[in-house]
Amino acid sequence: MKSAKNIAGPLVPVRLATLLVVLVLNIAFAQDPAPAPASEYRLPPQGILDILDAPAPASAQLSPNQNWLVITERDLDYTTLAELAEPRLMLAGTRFKQYPDTRMETVGITRLTLRSIDGAMERILLPPGEGRINSVTWVRDSSTGGELAYTVIQNGTMAVHLYDAATGVDRRLATPGLIGKIDALSFTRDGSQLAFTAATRDAVTLWLADTRLATARPVPGLNLNHVNGGFAWTRGRPPVVARAVVADRGAPPAAPDVPTGPIVQESFGRAAQGRTFQDLLKTPHDEALFDYYFLNQIVRIDEQGAVTRLGEPGIHAAVSPSPDGEYLLVRTVKRPYSYQVPMSLFPTSTEVWSLDGTVVRRIHDAPLRENLPSARDAVLPGIRSITWRPDAPATLVLVKALDEGDPLKEVPRRDQVSLLTAPFDGEPVIFAETELRYGGILWAFPELAFVSERSARTTRTRTWVVNPSNLAEPPRLLWDRSSEDRYSDPGTPVLTDHPTELRQVPLRSADGRWLYLRGAGAAKEGARPFLDRLDLTALKPERLWQSSPPHYENLLEVLDSEAKRMVFSRESPTERPNLWLAELPGVDAKQLTDLPDPAPWFTRVKAELVRYQRPDGIQLSATLYLPPGYDRERDGALPFFFWAYPREFLTEQGASQLSGSPLEFKRPARQDHLLLLALGYGVLDNPTMPIVGKDAREPNDSYVEQLVANARAAIDHLVERGVADRNRIGIGGHSYGAFMTANLLAHSDLFRAGIARSGAYNRTLTPFGFQAEPRTYWQAAETYHQMSPFTHAPKVNEPILLIHGMRDSNSGTFPVQSERMFAALKGNGGNVRYVQLPLEDHGYGARESRRHVLWEMTTWLDEYVKKPATP
């Protein structure tokens with residue numbers, strides 16, 4: 001493709017009085033390599049602004065107890081640059097504000113409609129005056145079935161209300177002396193008590209409320225750790241266990257004015273492979289700050305507010321009460337810290353404590369884990385998971401590798417699952433050993449559990465039915481299939497709250513014979529969600545319900561143990577989604593909601609799920625959007641924009657399977673690339689870009705060839721339909737989609753211009769694997785080089801817009817990736833614009849940033865794609 005002409009004229013610099021940061025726009029011109037000056041944030045065209053500022057659509061869902069239909073109307077919620085500019089620290093893979101978050105949202109819920117599922121009763125909650133409802137929390141075992149708490153923000157203050165939808169009684173909780181931001185509302189299971197936090201700049205206070213009296217009081221002298229803290233009831237009742245700031249911790253350690261010495265790291269003879277991470281510790285001062293902010297004290301608070309310190313202070317990263325509430329599982333981070341991996345991979349000690357803080361038993365000491373295996377099915381050696389068994393009073397579930405984490409070792413069993421029961425003085429008892437990698441256990445009932453195992457190398461996944469009460473009983477195979485075969489997916493169990501325990505279990509018929517399975521129902525003709533029941537004796541499913549044309553229906557909840565009543569959503573290409581109540585088996589459906597159009601600004605947009613194929617027979621699909629009022633005979637072929645994200649597959653069958661349904665209500669919302677429809681572009685959304693392993697080779701060994709074949713097939717399909725102008729098509733993507741964009745411009749002339757957001761372009765900077773690539777750079781150097789658009793920068797002869805958040809925390813996509821790609825393109829005479837977004841992460845959150853990004857995208861495409869091609 002002939003290179004498009006260069007960008008015209010530098011932008012006028014404007015100082016931002018309210019910000020200490022500026023947006024740095026670096027533009028490379030073929031004639032003038034000098035960088036452009038800093039610029040102001042810009043606004044996209046008015047038609048797009050109108051959509052961005054339109055009211056948020058109402059949404060509907062069921063209450064947790066399934067008794068009430070909840071319809072929520074709320075403001076649009078945008079973050080601002082001022083909020084992102086609040087001081088933050090970035091330590092050990094985490095980001096946090098130096099002080100507790102006291103920002104009170106000025107937006108929130110404007111109207112809450114509660115309607116009983118039978119339609120007999122309706123309640124409406126409105127915030128007072130110009131206030132907003134901020135959050136809603138329900139009582140799990142409500143005596144009336146409709147008890148909840150909600151917070152209200154008005155005039156810079158917050159309050160807690162207790163509400164009973166069944167009676168309509170609304171009581172404001174008395175909170176004398178409370179100041180600050182209220183958050184983290186948590187009821188006891190029976191709703192008799194409510195705990196919540198109130199944050200000021202100086203402290204996070206825990207409050208306890210008696211809901212019968214509607215009064216609350218703070219826990220005196222307790223300051224919860226806002227970085228590494230939190231609280232929880234034990235078994236849904238008092239006491240509360242929390243992680244607090246250590247008393248008299250003082251001020252944060254100051255950075256030294258003069259370095260005390262060099263920063264040294266070393267490694268001798270021990271391989272320590274690891275993928276790239278962001279926000280790591282870098283200096284001894286970082287270590288001191290980490291100790292200061294993450295150190296905490298575990299405490300127990302009784303219902304009278306009395307505080308008991310448990311154990312010694314430490315960097316207690318996780319505290320989990322046992323199901324019976326008698327023990328605590330405590331995971332504590334230890335030194336030595338690492339400058340190579342985040343906190344989650346630092347050395348840890350996992351112990352069981354009694355509720356008085358006594359260490360009952362040390363379960364496991366995990367070393368520093370800098371050697372992260374990248375091969376498929378590779379895991380860390382030794383014990384890698386310690387959790388409570390949810391259906392037992394106090395039993396630990398331990399998972400460890402039997403092959404030292406190496407999937408290439410020939411062993412009869414890969415993983416072992418063991419149980420260790422209170423009082424924790426014996427040896428763990430083997431519960432199961434898996435031939436493939438352990439994939440998890442669903443603990444259903446005393447005599448029933450589902451054990452999953454899987455292999456990423458072969459895509460095989462199996463599920464077994466076992467009897468935890470009788471380990472001598474042989475396991476029974478339930479499913480054996482490929483994880484890439486969506487068409488054979490049997491679904492997952494429908495879950496419900498356990499009647500007496502704080503967990504969810506599979507919904508079971510009253511006679512115990514049946515469980516229920518819900519599934520997406522992927523199929524060649526399009527998805528048709530279903531509800532099955534599974535005979536627990538024969539292990540055979542029976543279909544109870546399935547979505548059928550002309551509608552697309554999706555199961556939300558099953559309301560009774562015999563699956564006679566269910567709530568589902570229903571939509572069609574011309575009918576917006578709404579909730580319905582069905583009475584099985586006759587499926588006498590009743591409409592529950594009449595929600596407004598979720599995107600009224602695009603009512604005249606034409607949308608279609610289209611299918612086409614590559615020359616090698618791989619089936620592809622995408623959602624085709626045509627702009628409002630488009631008529632092919634009148635308007636002819638359109639300028640088009642593709643927005644995509646590649647995915648690797650090990651089987652051609654998995655790569656070819658259709659996702660989604662042509663019967664869905666396809667209405668574009670506010671996604672950036674779909675807003676281009678307002679400017680007359682056609683949009684091909686999520687055209688599948690499968691990269692398939694063939695002939696015993698890894699998928700990425702033919703990445704470029706397959707990527708180009710995917711894109712060419714999509715273009716050919718649109719051109720054959722007569723809706724797209726082959727010479728006016730742009731390509732774009734975010735993250736791995738940005739990587740895709742740069743590769744397509746480097747290795748083909750299919751697109752006239754590209755937009756690459758927050759991407760990685762030089763794979764030598766991610767040498768220990770990326771995405772689904774299991775090999776290191778030194779194992780597949782040629783593949784790494786061939787896939788890196790940085791290597792092929794001289795071949796990029798179409799204009800490319802690079803956008804990147806300057807605080808990108810995503811693994812592998814650090815901002816230097818775009819910085820060096822820009823330098824490579826500029827150095828080779830490419831046409832490139834490089835936009836750095838101050839304060840932004842991998843995704844862009846601030847209102848100002850998002851609007852500016854849309855201005856960049858629309859300006860770029862109007863200049864380099866929409867204009868007719870010159871001969």
Exercise. Residue check: is Arg513 modelled with pLDDT of 95 or more, open to solvent by 70 Å² or more (accessible area, probe 1.4 Å) and not aliphatic (A, V, I, L, M)?
Worked result: yes
For this session: Tell me the strands (runs of 3 or more DSSP E) entirely within segment 656-736 that contain at least 2 residues that are of a type outside the set (A, V, I, L, M, F, W, C).
Result: 682-685, 724-734
Seminar exercise, completed: Among the residues of segment 831-840, the number that are under 15 Å from Ala756 (Cα atoms) and open to solvent by 10 Å² or more (accessible area, probe 1.4 Å) is 3
Seminar exercise, completed: Residues in segment 603-631 that are closer than 22 Å to Arg712 by Cα, of a type in the set (D, E, K, R) and part of a loop (DSSP other than H, G, I, E, B) total 2
Exercise. Can you tell me which residues in segment 49-64 are of a type outside the set (A, V, I, L, M, F, W, C) and open to solvent by less than 40 Å² (accessible area, probe 1.4 Å)?
Worked result: Ser63
Problem set entry | Candidate set: segment 124-141, residues that are outside any strand (DSSP E or B), surrounded by fewer than 18 Cβ atoms within 10 Å (Cβ to Cβ) and not small (Gly, Ala, Ser); chosen: the one modelled with the lowest pLDDT | Asp141
Problem set entry | Residues that are open to solvent by 10 Å² or more (accessible area, probe 1.4 Å) and not in a loop (DSSP other than H, G, I, E, B), drawn from segment 640-654 | Trp643, Arg647, Glu648, Phe649, Glu652, Gln653
For this session: Would you check if Gly439 is assigned to a loop (DSSP other than H, G, I, E, B) and not aromatic (Phe, Trp, Tyr)?
Result: no
For this session: Being buried (at least 20 other Cβ atoms within 10 Å of the Cβ), under 24 Å from the mean Cα position of the chain (by Cα) and closer than 28 Å to Tyr844 by Cα narrows it down to one of Ala772, Ala753, Ala793, Ala760, so name that one.
Result: Ala760
Problem set entry | Counted residues, segment 350-396 - those being in a strand (DSSP E or B), within 31 Å of the chain's Cα centre (by Cα) and more than 26 Å from Leu442 (Cα to Cα) | 1
For this session: Determine whether Ala738 is among the aliphatic types (A, V, I, L, M), modelled with pLDDT of 95 or more and farther than 24 Å from Met806 by Cβ.
Result: no
Exercise. Counting just the residues of segment 478-510 that are hydrophobic (A, V, I, L, M, F, W, C) and in contact (Cβ under 8 Å) with a residue 24 or more places away in the chain, which one comes out surrounded by the most Cβ atoms within 10 Å (Cβ to Cβ)?
Worked result: Leu507
Problem set entry | segment 298-325 residues that are of a type in the set (Lys, Arg), paired with ones that are in a strand (DSSP E or B) and open to solvent by 30 Å² or more (accessible area, probe 1.4 Å) (beta carbon under 6 Å, 6 or more apart) | Arg300/Thr308
For this session: Determine whether segment 287-303 contains at least one residue that is outside any loop (DSSP other than H, G, I, E, B), open to solvent by 40 Å² or more (accessible area, probe 1.4 Å) and closer than 17 Å to Phe96 by Cβ.
Result: yes
Seminar exercise, completed: Exception for Ser818 within (1) modelled with pLDDT under 95; (2) open to solvent by less than 10 Å² (accessible area, probe 1.4 Å); (3) polar (S, T, N, Q) falls at (1)
Exercise. Identify, please: which residue in segment 442-467 is assigned to a loop (DSSP other than H, G, I, E, B) and open to solvent by less than 20 Å² (accessible area, probe 1.4 Å) and is, among those, nearest to Gln653 (Cα to Cα)?
Worked result: Thr459
Problem set entry | Selection within segment 397-430 - farther than 20 Å from Val465 by Cα, in a strand (DSSP E or B) and of a type in the set (A, V, I, L, M) | Ala401, Leu420
Problem set entry | Count of residues meeting criterion [open to solvent by 20 Å² or more (accessible area, probe 1.4 Å), within 30 Å of the chain's Cα centre (by Cα) and of a type in the set (A, V, I, L, M, F, W, C)] in segment 577-591 | 1
For this session: Only one of these is at negative phi, free of Cβ contacts under 8 Å to residues at least 40 places away in the same chain and crowded, with 16+ Cβ neighbours inside 10 Å: Thr205, Thr188. Name it.
Result: Thr205
Exercise. Across segment 32-52, what is the number of residues that are part of a loop (DSSP other than H, G, I, E, B) and at pLDDT 90 or above?
Worked result: 6
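Residues are listed down the side, and each one gets a yes or a no for (1) at pLDDT below 95; (2) not β-branched (Val, Ile, Thr):
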residue: Thr350; (1), (2): no, no
residue: Ser354; (1), (2): no, yes
residue: Gly357; (1), (2): no, yes
residue: Gly382; (1), (2): yes, yes
For this session: Tell me, yes or no, whether segment 230-248 has at least one residue that is part of a loop (DSSP other than H, G, I, E, B), modelled with pLDDT under 95 and buried (at least 16 other Cβ atoms within 10 Å of the Cβ).
Result: yes
Exercise. Do you know which of the residues in segment 96-120 that are basic (Lys, Arg) and under 22 Å from Asp170 (Cβ atoms) is most open to solvent (accessible area, probe 1.4 Å)?
Worked result: Arg111
For this session: Mind listing just one residue for me: the one in segment 142-179 that is open to solvent by less than 20 Å² (accessible area, probe 1.4 Å) and assigned to a loop (DSSP other than H, G, I, E, B) and, of those, nearest to Pro220 (Cα to Cα)?
Result: Leu173
Exercise. If the Cβ limit is 8 Å and pairs must be 6+ apart or interchain, which residue in segment 97-113 that is under 13 Å from Gly131 (Cβ atoms) pairs with which residue that is of a type in the set (Gly, Ala, Ser)?
Worked result: Met104/Gly156
For this session: Quickly run through segment 545-570 and pick out the residues that are within 16 Å of Leu663 (Cβ to Cβ) and open to solvent by 30 Å² or more (accessible area, probe 1.4 Å).
Result: Gln546, Ser548, Pro549, Pro550, His551, Tyr552, Asn554, Arg570
Exercise. Among (1) among the hydrophobic types (A, V, I, L, M, F, W, C); (2) outside any loop (DSSP other than H, G, I, E, B); (3) open to solvent by 50 Å² or more (accessible area, probe 1.4 Å), which single condition is Leu194 missing?
Worked result: (3)
Exercise. Given (1) in a loop (DSSP other than H, G, I, E, B); (2) of a type outside the set (Phe, Trp, Tyr); (3) surrounded by fewer than 17 Cβ atoms within 10 Å (Cβ to Cβ), where does Glu433 come up short, assuming only one miss?
Worked result: (1)
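The values are calculated or read from the model by the stated rules, or taken from the named source; none is laboratory data. Predicted model only: the values in this text are computed from it and were never measured. Cβ sites come from the backbone with ideal geometry, for glycine too, and all protein chains shown count toward neighbours. Remember, those area values only see protein heavy atoms, side chains included, never the ligands or the DNA or RNA. Shrake-Rupley method; radii C 1.70, N 1.55, O 1.52, S 1.80 Å.
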